[in-house]
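Accompanying notes for the structure given below.
What follows draws every value from the coordinates through simple rules; no lab data is involved. Small disclaimer: the values here were computed from a predicted structure and weren't measured. For neighbour counting, all protein chains shown are included, and Cβ atoms are generated from backbone atoms with ideal geometry for every residue, glycine included.
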Amino acid sequence: MRTLYLLLAPVALLAGCNNGNAGGNRSAPLVKAEAVVSHQFVDRIDAIGTALANEQVTLAAPVTERLTRINFTDGGFVHAGQVIATLAQGQESAQLADAGGRAREAEQQLARLQQLKKSGFATNSAVDAQSALASSARAQAAEARASIGDRVIRAPFSGWVSLRNISQGAVVTSGTEIATVSDISQIKLDFAVPETLLSALRQGQSIKAVAAAWPDRSFEGQVRSIDPVINPATRAVTVRAVLPNPELLLKPGMLMTVAVESAARTAAAVPELALVGEGDRTFVYVLGPGDKVKRTSVRTGARQNGMVEIVEGLRPGVRIVTEGVVKLADGMQVSLAGAKGARPAQAGK
């Protein structure tokens, strides 16, 4: 028995040492720590908007007449001043020729009377009457030219023309749509923002928009104008932004998701996992000398990409526990794993 006791004693002593070590590990939980970093945050407003052409006009027939010529291709590009369509103008051309001839005759007669007046063979009243006749003839000629001009439909600006729904030779009435011309070199984007966020909006503000047709691409633009009147039914204000469209990917009528970014700033930031909530208060564990943690109250701001803005309570460079916070209590000593190389510091208010 004495021999058996001597053999078992070292085993028991070794087991006791192991139990003691295990207890020590439990008192110093394994955590990860990182330094508080500076991160850029922006306030963001999300909305849904509708794309509009930069300029768009529907060209219609000004009079009832037969369509003699169509000078555009469906969906094609037209230049400012280019003839889109021509209406019959035979009668107006005849009227112009007649008015032009009478105007020339009246001008010639007026010139003769003016020469006779210099010689004393024509009165002032005769010259004045002929001058009135010449002016009337010129006005009739100008009216005929304007009537012809009304029958030539031109593009008011450069852009892309719509698909046509009318054929050459058809008789159109006043107001009949012939084509729609759209300038889509830029896109206007109208979207509604609640009146509670009106203070965060301003002209020139940057926006980002995404269309369902191009889900992996973001289109950037700027706020051009803000409607001065708030819709009383929706309590929202309409905001208009402009997006460059050099590749013509965006089309009028598209529904787009809009993100308006404002109040860009750089502030102290921590990972979301580092925060501990208790009621309406938020805490982090600051790593101090001797690898002991201090429970520190902080005030948070925006959240972005897994990072949380610290408005008050920490400064960049302070080391905090980022993983394993659920095991901790104030003043507890911890064991570090994967800590980043920042020297310990106290919390900054």
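In this structure the amide hydrogen of MET332, modeled in the peptide plane, comes within under 5 Å of the amide hydrogens of VAL293, none closer than 5 places in sequence on its chain. Normalised by the number of residues in segment 146-228, the average gap of Cα pairs under 8 Å and 6 or more apart makes the relative contact order 21 percent. Karplus-derived 3J(HN,Hα) values for segment 260-277, using 6.51 cos²θ - 1.76 cosθ + 1.60 with θ = phi - 60°, are 9, 9, 8, 6, 5, 7, 10, 9, 4, 9, 9, x, 4, 5, 7, 8, 10, x Hz; glycine and proline are entered as x.
With the helix formula -39500 (n - 2.57) applied to DSSP H stretches of n ≥ 4, the chain reaches a computed 222 nm mean residue ellipticity of -8500 deg cm²/dmol. To test your reading of the geometry: what angle, between 0 and 90 degrees and rounded to tens, separates the Cα axis of helix 90-119 from the longest principal axis of the chain? So the inclination is approximately 60 degrees.
Under 23 Å between alpha carbons: how many lysine pairs meet that in the chain, if sequence neighbours fewer than 8 apart on the same chain are excluded? Taking the chain as the scope, the lysine pair count is 15.
To the nearest ten degrees, helix 124-150 and the longest principal axis of the Cα atoms of the chain are 40 degrees apart. Per-residue 3J(HN,Hα) values for segment 195-202, derived from phi via the Karplus relation 6.51 cos²θ - 1.76 cosθ + 1.60 with θ = phi - 60°, read 4, 5, 9, 4, 5, 8, 9, 7 Hz in sequence order (x marks Gly and Pro). Amide H contacts under 5 Å for VAL270: VAL308, ILE310, restricted to partners 5 or more places along the chain or on a different chain, H placed in the peptide plane at 1.01 Å from N.
Before anything else, pin down the relative contact order of segment 90-149: Cα pairs under 8 Å, at least 6 apart, normalised by residue count, whole percent. RCO, segment 90-149: 55 percent. With the alpha-carbon atoms of the chain aligned to their principal axes, the span from lowest to highest coordinate is 162, 46, 39 Å, starting with the largest. Relative contact order of the chain, taken over Cα pairs closer than 8 Å and 6 or more residues apart, is 26 percent. The chymotrypsin sites (Phe, Trp or Tyr not before Pro) of segment 157-217 that meet both conditions, a loop assignment by DSSP and at most 15 other Cβ atoms within 10 Å of the site Cβ, are PHE157. Each residue of segment 61-67 is assigned a 3J(HN,Hα), and the resulting list reads 6, x, 9, 8, 6, 7, 7 Hz, derived from the Karplus form 6.51 cos²θ - 1.76 cosθ + 1.60 (θ = phi - 60°), x at Gly and Pro. Summarising the amide proton neighbourhood of GLN82: residues at separation of 5 or more, or on other chains, whose placed amide H is nearer than 5 Å comprise ALA155.
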